[in-house]
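No lab work stands behind these numbers, since they all come straight from the coordinates. If you're wondering where the values come from, they're calculated on a predicted model, not measured in any experiment. Cβ sites come from the backbone with ideal geometry, for glycine too, and all protein chains shown count toward neighbours.
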Amino acid sequence: MTRINQEIDVRSFYFRSGNNLKSFPRQIEWNGNFVTFAGEGLRYLVEQGGRAVQLFDMSDGSTTYRLRADGQHWTLVGTRAGA
């Protein structure tokens, strides 16, 4: 995985229902470019420093993006080629 650790903007979300309604990022803006994710991603809830942080693995069809949501702040943790 290529580490990036850069703050990003999430431009849109989609929602998946189940036992609870969960939101996932659909499109991000990173370095002035828009990345739209294809299909459904994976969501992880982890504890970091005594607080809950969400991690998402999302793909645009060719690259996997790991995103971190910490409250209202979103970070692109890294990317990996080959979805």
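Structure above, values below:
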{"quantity": "Two-decimal log10 I(q)/I(0) for region 6-52, as the Debye equation yields it once each C-alpha is a single scatterer, q = 0.28 Å⁻¹", "calculated": "-1.05"}
{"quantity": "Total charge dipole magnitude, the chain, about the Cα centre, Cβ charges on Lys, Arg, Asp, Glu only, Debye to nearest 20", "calculated": "160 debye"}
{"quantity": "The chain, relative contact order in percent, only Cα pairs under 8 angstrom and at least six apart counted", "calculated": "28 percent"}
{"quantity": "For the chain, the fraction of alpha-carbon pairs in successive 10 Å shells from zero, as %", "calculated": "18, 55, 25, 2"}
